[in-house]
Amino acid sequence: MQLDHPTLLEYSPVAIITGLSRRAGLAAMVSFEMRRAGWRVGLTGWPRYDSKMPWGDDPFDRLSILEELEVISPGGAIFVEADLSDVGAPQVIFDQVEEELGNVDALINVHTHSMPGGLLETSAAEFDRHMAVNARGTFLMSAEYARRWHGVPGSGRIVNFTSSLPLTGEIAYAASKGATEWLTVAAASELAGRGITVNAVNPGPNNTGWMSQELKHRVASESPLGRLGIPMDVAKLIVFLCSPAGGWITGQILNCDGGWDRLRG
């Protein structure tokens, strides 16, 4: 029987997923689910940032992620180390992914720079770093994708990650995510005529290894659905948005947070 609409596995499309750091992280789970859905994945990350965070940089963990992706389906996953505050990084990433995997069909911007600091504590340099990585990095990666993309009209996909407000004590991070949301909507308007959808997803408080036990308990008790969010929750949504079924959704800021942003008391 001939299929009128070939499956993703038959197309074997390519996605770039930024922000890979550790197995417990969002980018890792998104990459697993995209791979299971038939996508080849070009992953990026910046180990020097991870080394400064509580979870640290573990190259063996990163290697195990790539090995597991190979088990899912051989020959369809690579890792490119890149600092997205570098304006030249997008070209390097796309060049390497295209050379090894082929033309890029979807871009998923999971990466983030997040350091605590309120209005009176955050330095100009730290504010600029947040904006350079989170907002400008997303902007430059999206622009590079749009310049190079030449797929079937309606099949282009960009998905960005954002966060809930007010983010008290994280003013630079909050500002960069606000910029990312407006960038998402503006890019969706601009790229609609090219057949590219652009959306942002807010995963809410998600159990990716950064929460203390006390914070886990508090978040779960305050969540309308009575539990923490997990990376799988949002990964499934990303796969949907990148699929043909997600083609009528664009310019949206989607809360995949168990009602955290809208339903709490």
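Overview of results
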{"item": "Which listed residue is aromatic (Phe, Trp, Tyr) and at pLDDT 95 or above, from 210, 182", "result": "182"}
{"item": "Any chance residue 198 is of a type in the set (A, V, I, L, M) and touching a helix residue (DSSP H, G or I) at 6+ places or on another chain (Cβ under 7 Å)", "result": "yes"}
{"item": "Helices (runs of 4 or more DSSP H) lying entirely in the stretch 100-214 (those with 2 or more residues that are free of Cβ contacts under 8 Å to residues at least 40 places away in the same chain)", "result": "124-130, 171-191"}
{"item": "Residue in the stretch 235-253 that is within 13 Å of the chain's Cα centre (by Cα), under 28 Å from residue 122 (Cβ atoms), modelled with pLDDT of 90 or more and surrounded by 15 or more Cβ atoms within 10 Å (Cβ to Cβ) present", "result": "no"}
{"item": "Which listed residue is over 23 Å from residue 145 (Cβ atoms) and at pLDDT 85 or above, from 35, 62, 40", "result": "62"}
{"item": "Residues satisfying the stated conditions in the stretch 10-50, i.e. among the aliphatic types (A, V, I, L, M) and outside any loop (DSSP other than H, G, I, E, B)", "result": "14, 15, 16, 17, 26, 27, 28, 29, 30, 34, 41, 43"}
{"item": "Single residue of 247, 226, 195 found to be more than 28 Å from residue 146 (Cα to Cα) and small (Gly, Ala, Ser)", "result": "226"}
{"item": "Top-ranked residue of the stretch 75-111 - restricted to ones that are touching a Phe, Trp or Tyr at 6+ places or on another chain (Cβ under 7 Å) and β-branched (Val, Ile, Thr), ranked as nearest to residue 149 (Cα to Cα)", "result": "104"}
{"item": "Residue in the stretch 129-172 that is surrounded by the fewest Cβ atoms within 10 Å (Cβ to Cβ), counting only those that are among the hydroxyl-bearing types (Ser, Thr, Tyr) and at pLDDT 95 or above", "result": "155"}
{"item": "Test: residue in the stretch 232-242 that is of a type in the set (Lys, Arg), closer than 15 Å to residue 163 by Cβ and in a helix (DSSP H, G or I)", "result": "no"}
{"item": "Qualifying residue in the stretch 65-88 (condition: at pLDDT 95 or above, buried (at least 17 other Cβ atoms within 10 Å of the Cβ), assigned to a loop (DSSP other than H, G, I, E, B) and in contact with a strand residue (DSSP E or B) (Cβ under 7 Å, 6 or more places away or on another chain))", "result": "yes"}
{"item": "Subset of the stretch 213-227 that is more than 10 Å from residue 260 (Cβ to Cβ) and hydrophobic (A, V, I, L, M, F, W, C) - its residue that is modelled with the highest pLDDT", "result": "220"}
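The values are calculated or read from the model by the stated rules, or taken from the named source; none is laboratory data. If you're wondering where the values come from, they're calculated on a predicted model, not measured in any experiment. Methodologically, a virtual Cβ is constructed for each residue, glycine included, from the backbone with ideal geometry; neighbour enumeration extends over all protein chains shown.
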